Amino acid sequence: MFFIGIFGIETKQEEIKDVQNVICKGCGSLTSYRLIKTYNLFHFFFIPIIKWSKRYFLISRCCNSAFEILPEKGEQLERGMDIPLNDDDLKPLYNEYSYNLCPNCKREVDLNFMYCPFCGTKLR
């Protein structure tokens, strides 16, 4: 019974930083993203020994859309490098809402629309 709790494996999540002044891929608004890093950790007596399976995510502050980014890009952002984020770099995971917000008129628009039916602004 003594050996229970001596070692373990767990998944950790860290909020690294905010990435400022980007256009949200989910709703088209000017926003900031929260950079989140997740990884698995093996520890012995609560001392971290090995980290593996690092993954990076960006979560928009405007509509809470989540995107996964490549580990290389995530590490560069974590080190403080200013790198451009293209739409191709962001792999969408989910959109909390079942609609987009038009960046021009701020009205709710169904996700299937490419243009806002209220003002005609291109959404994607």
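The values are calculated or read from the model by the stated rules, or taken from the named source; none is laboratory data. Computed from a predicted model, the values in this text were never measured in an experiment. We place every Cβ from the backbone using ideal geometry, glycine too, and count neighbours over all the protein chains shown. The accessibility values were calculated without ligands, DNA or RNA, using every heavy atom of the protein model including side chains. Shrake-Rupley method; radii C 1.70, N 1.55, O 1.52, S 1.80 Å.
Give 112, 100 a once-over and let me know the one that is in a loop (DSSP other than H, G, I, E, B) and of a type in the set (S, T, N, Q). Spell out how you get there, then give the answer.
Values: 100 fails: in a loop (DSSP other than H, G, I, E, B).
So the residue among 112, 100 that is in a loop (DSSP other than H, G, I, E, B) and of a type in the set (S, T, N, Q) is 112.
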Q: May I ask you to list the residues in the range 70-91 that are in a loop (DSSP other than H, G, I, E, B) and surrounded by 15 or more Cβ atoms within 10 Å (Cβ to Cβ)?
A: 85, 90
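Just to verify a result, which residue in the range 97-121, among those that are touching a Gly at 6+ places or on another chain (Cβ under 9 Å) and at pLDDT below 85, is most open to solvent (accessible area, probe 1.4 Å)?
Kept after step one, since they are touching a Gly at 6+ places or on another chain (Cβ under 9 Å), are these residues of the range 97-121: 97, 100-104, 121.
Applying the additional criterion that residues be at pLDDT below 85 yields 97, 100-104.
Values: 97: 78, 100: 14, 101: 54, 102: 0, 103: 43, 104: 100 Å².
Across the range 97-121, the extreme among qualifying residues is 104.
In the range 2-16, how many are assigned to a strand (DSSP E or B), surrounded by fewer than 13 Cβ atoms within 10 Å (Cβ to Cβ) and hydrophobic (A, V, I, L, M, F, W, C)?
First, pick out the residues of the range 2-16 that are assigned to a strand (DSSP E or B): 7-16.
Among the residues that remain, those that are also surrounded by fewer than 13 Cβ atoms within 10 Å (Cβ to Cβ) are: 8-15.
Those left that are additionally hydrophobic (A, V, I, L, M, F, W, C): 9.
Summing the residues that are assigned to a strand (DSSP E or B), surrounded by fewer than 13 Cβ atoms within 10 Å (Cβ to Cβ) and hydrophobic (A, V, I, L, M, F, W, C) in the range 2-16 gives 1.
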Q) Can you pull out the residues in the range 100-109 that are in contact with a strand residue (DSSP E or B) (Cβ under 6 Å, 6 or more places away or on another chain) and free of Cβ contacts under 8 Å to residues at least 60 places away in the same chain? A) 108, 109
Q: Among the residues of the range 17-28, write down those that are of a type in the set (A, V, I, L, M, F, W, C) and open to solvent by 50 Å² or more (accessible area, probe 1.4 Å).
A: 23
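Take the range 29-58 and flag every residue that is among the β-branched types (Val, Ile, Thr) and either more than 16 Å from the chain's Cα centre (by Cα) or buried (at least 17 other Cβ atoms within 10 Å of the Cβ) (or both). So that I can check it myself, show each step before the final result.
If we filter the range 29-58 for residues that are among the β-branched types (Val, Ile, Thr), which is where we start, we get 31, 36, 38, 47, 49-50.
Matches in the range 29-58: 31, 36, 47, 49, 50.
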